[in-house]
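Below is one structure, written out as structure tokens; the observations come after it.
The values are calculated or read from the model by the stated rules, or taken from the named source; none is laboratory data. All values reported here derive from a predicted model rather than from experimental measurement. Every residue, glycine as well, gets a Cβ built from its backbone with ideal geometry; the counts of neighbours run over all protein chains shown. The accessibility values were calculated without ligands, DNA or RNA, using every heavy atom of the protein model including side chains. Shrake-Rupley method; radii C 1.70, N 1.55, O 1.52, S 1.80 Å.
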Amino acid sequence: MPNLALKTAIREAFAVSRASVTYFNTLELTHPNIAEPLRIVQGFREIEATIETEETVTFQPIPFNFLLPASGEDGLQEMQIQFCNVDNQVGDFCLAALGSADPVVILFRPYLSTDLTESQLDPPLRLFLLNVKITNTTVVGRAASQDWLNQPFPKGNYTVERFKGLQSI
């Protein structure tokens, strides 16, 4: 996982855990084939918060949970993510993206209850939703920070302009 640049205010809220300040974990699911993103907040009430484009948006309450990846030397860091699918919003969103070569993109933004005018993580964490399983009650998948499956290989062409040593071949 990349090094997260959490702002001082939310680091303090995590450390001190004052009862008067709560934090909201939000996710924004986007896909090129779907016009409107699905914006959700972990909890039971909707919030209006400002995203990095200076736009104030509404996050719908849909319970979700994620399990951060274990530290290790295997290179690929993926976390498990689970959404409540009782109202079928997340499941329908994922089904609409089904069959596309593009993955569902997840933007993670934490907010403080005392300041919904900016995310406490700048820029937001960008993840790709992979291996989704949809049931009547849950949507479960893996979220990775890189979309390795859809990367071109080889990454670039070996040209004389890029690699001057090829002129002698």
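Counted residue by residue at 0.36 nm each, then reduced by the alpha carbon distance between them, the extension gain from Leu116 to Leu67 reaches 15.2 nm. Report the net charge of residues surrounding Ile62, where surrounding means a beta-carbon distance below 14 angstrom and charges are Lys +1, Arg +1, Asp -1, Glu -1. Once all neighbours under 14 Å are counted, the net charge is -2. Val104 contributes an accessible area of around 10 Å² to the protein surface, as traced by a 1.4 Å probe with all chains present. A viscosity of 1.002 mPa s and a temperature of 20 °C, combined with the Kirkwood radius over Cα pairs in Stokes-Einstein, give a translational diffusion coefficient for the stretch 75-147 of 158 µm²/s.
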